[in-house]
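Q: The structure under discussion is supplied below as structure tokens; questions concerning it will follow.
The values are calculated or read from the model by the stated rules, or taken from the named source; none is laboratory data. The structure presented is a predicted model; accordingly, all values stated were derived computationally and were not measured. Positions of Cβ are generated from backbone atoms using ideal geometry, with glycine treated the same way; all protein chains shown enter the neighbour counts. The area values use the complete protein model at the heavy-atom level, side chains included, leaving out ligands, DNA and RNA. Shrake-Rupley method; radii C 1.70, N 1.55, O 1.52, S 1.80 Å.
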Amino acid sequence: MVRTAVVPVAGLGTRFLPATKVVPKEMLPIVDRPAIQYIVEEAVHNGIGDVLLITASGKSAIEDHFDRRVDLEVALADKGRDADLAEVRRLSELATIHSVRQPEPLGLGHAVRMAAGHVAEDEGFAVLLGDDLLEPGSTFLSRMVAAHERTGAAVVALMRVDDPERLAQYGVVDAVPGEREGEVLVRDLVEKPAPGTAPSDLAVIGRYVLPGRILGVLRDTLPGRGGEIQLTDALRTLAAERPIVGLVLDEPRHDAGDRLGFLTATLAFAAQRPDLGPDLIAWLREHLDELAQRADSTGRTA
Ligand code: G1P
């Protein structure tokens with residue numbers, strides 16, 4: 001059984017400065033929810049209600065977001081704002097949130113290793129990276145958990161990336177077709193291969209279901225690319241023993257760590273909201289040509 005979702009949130013968010021100078025990047029709102037809320041809701045929606053945040057100093061707003069806020073609840077109750085009150089309460093009951101601090105930014109593998117006090121070595125657990133957003137209601141993580149329970153192997157989410165420059169931003173797998181549709185068997189991985197050297201076009205995206213044993217492997221994993229302890233290197237050790245299962249994503253994914261991905265997530269999530277979608281789509285239809293014209297003329301005068 002997979003009980004815990006480990007969610008690393010210790011990063012400085014330098015790709016989003018100046019917005020992230022004071023506000024953690026995970027707290028930047030997509031429509032009216034901080035990005036981290038979509039991640040926790042995804043874990044809960046897929047049956048994982050125990051969430052371990054791997055956090056750092058300056059990030060306590062994330063924990064506060066999932067905690068009670070009694071003065072706000074009282075104020076909303078006094079004003080008869082029942083729907084807002086219900087939403088604020090729901091949030092504090094959504095998941096069981098734990099946190100542990102990563103004392104130094106020593107890499108994603110090091111962050112995941114911080115889960116050792118919370119997850120047993122004979123227990124599988126999920127890892128969700130906040131930069132990768134799937135659409136609300138996605139059950140892809142449940143498919144990953146099922147594959148882990150069926151095989152006992154580590155399971156990684158994969159995405160095809162055609163552009164070699166973009167592929168170089170990810171962990172990339174060397175894989176052979178698996179027995180099931182959309183499934184591959186990963187024999188090896190490379191962290192951020194230089195353009196032209198990647199073993200395939202299948203990039204690892206931020207969803208993993210891992211056997212607890214990887215925590216011991218991570219303890220022995222030396223710093224790798226960029227001088228950081230890489231999760232990819234611990235996965236290589238596991239893959240050398242038996243193939244890792246890769247599940248190829250067949251649904252939309254947004255890179256919320258990137259300005260454009262953040263915008264597409266905002267539009268896509270808002271478009272699906274019954275309270276906003278129809279008006280947003282109408283506005284876009286009406287203004288798209290004008291926006292394009294203005295962008296063209298700004299481009300010309302820039
Ligand atoms: C991390 C992993 C990388 C993976 C990526 C997915 O990289 O190291 O293997 O492909 O997440 O988003 P990061 O984005 O932290 O540099």
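Q: May I ask you to list the residues in the range 150-181 that are over 20 Å from the mean Cα position of the chain (by Cα) and either over 22 Å from Phe125 (Cα atoms) or within 10 Å of the ligand (Cβ to nearest atom) (or both)?
A: Result: Asp162, Asp163, Pro164, Glu165, Asp174, Ala175, Val176, Pro177, Gly178, Glu179, Arg180, Glu181.
Q: For the structure I just gave you, tell me whether Leu210 is open to solvent by less than 60 Å² (accessible area, probe 1.4 Å), of a type outside the set (S, T, N, Q), modelled with pLDDT of 95 or more and more than 10 Å from the ligand (Cβ to nearest atom).
A: It is true that Leu210 is open to solvent by less than 60 Å² (accessible area, probe 1.4 Å), of a type outside the set (S, T, N, Q), modelled with pLDDT of 95 or more and more than 10 Å from the ligand (Cβ to nearest atom).
Q: Any residue at all in the range 223-233 that is among the aliphatic types (A, V, I, L, M), within 15 Å of the ligand (Cβ to nearest atom) and under 20 Å from Phe140 (Cα atoms)?
A: No; the residues of the range 223-233 include none that is among the aliphatic types (A, V, I, L, M), within 15 Å of the ligand (Cβ to nearest atom) and under 20 Å from Phe140 (Cα atoms).
Q: Could I ask something else about it? Out of the residues in the range 182-201 that are of a type in the set (D, E, K, R) and more than 27 Å from Ile36 (Cβ to Cβ), state the one that is farthest from the ligand (Cβ to nearest atom).
A: Selected residue: Glu183.
Q: Test Val176 against the criterion of being open to solvent by less than 60 Å² (accessible area, probe 1.4 Å) and over 22 Å from Leu128 (Cβ atoms), and give yes or no.
A: It is true that Val176 is open to solvent by less than 60 Å² (accessible area, probe 1.4 Å) and over 22 Å from Leu128 (Cβ atoms).
Q: Moving on. If the requirement is being surrounded by 15 or more Cβ atoms within 10 Å (Cβ to Cβ) and within 24 Å of Arg143 (Cβ to Cβ), which of these qualifies: Glu42, Glu73?
A: From the options Glu42, Glu73, the qualifying one is Glu42.
Per-residue answers, yes or no, for (1) within 21 Å of Leu133 (Cβ to Cβ); (2) modelled with pLDDT under 95:
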residue: Gly13; (1), (2): yes, yes
residue: Lys21; (1), (2): no, yes
residue: Leu85; (1), (2): no, no
residue: His110; (1), (2): no, no
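Q: Right, something else. Identify the residue in the range 24-39 that is touching a Ser or Thr at 6+ places or on another chain (Cβ under 8 Å) and open to solvent by less than 40 Å² (accessible area, probe 1.4 Å) and, among all such residues, is farthest from Ala56 (Cα to Cα).
A: Ile30
Q: Can I ask one more? Being within 22 Å of the chain's Cα centre (by Cα) and away from the ligand (no atom under 16 Å from the Cβ) narrows it down to one residue among Ala270, Ala265; which is it?
A: Ala270
Q: Right, next: Could you list all residues from the range 233-255 that are more than 23 Å from Arg180 (Cβ to Cβ) and open to solvent by less than 10 Å² (accessible area, probe 1.4 Å)?
A: Ala234, the sole residue that qualifies.
Q: A follow-up question, please. Hey, can you tell me all the residues within the range 180-198 that are open to solvent by 30 Å² or more (accessible area, probe 1.4 Å) and more than 18 Å from Gln230 (Cα to Cα)?
A: Once the filter is applied, which keeps residues that are open to solvent by 30 Å² or more (accessible area, probe 1.4 Å) and more than 18 Å from Gln230 (Cα to Cα), the range 180-198 yields Arg180, Glu181, Gly182, Leu185, Pro195, Gly196, Thr197.
Q: From Val204, Val245, grab the single residue that is at pLDDT 95 or above, within 25 Å of Arg160 (Cβ to Cβ), away from the ligand (no atom under 11 Å from the Cβ) and not in a loop (DSSP other than H, G, I, E, B).
A: That would be Val245, the only listed residue that is at pLDDT 95 or above, within 25 Å of Arg160 (Cβ to Cβ), away from the ligand (no atom under 11 Å from the Cβ) and not in a loop (DSSP other than H, G, I, E, B).
Q: Looking at (1) modelled with pLDDT under 95; (2) away from the ligand (no atom under 16 Å from the Cβ), which is the only condition Val145 fails?
A: (1)
Q: How many residues does the range 115-137 hold that are in a loop (DSSP other than H, G, I, E, B) and either more than 16 Å from the ligand (Cβ to nearest atom) or without any contact (Cβ under 8 Å) to a residue 60 or more places away in the chain (or both)?
A: Matching residues across the range 115-137 total 10.
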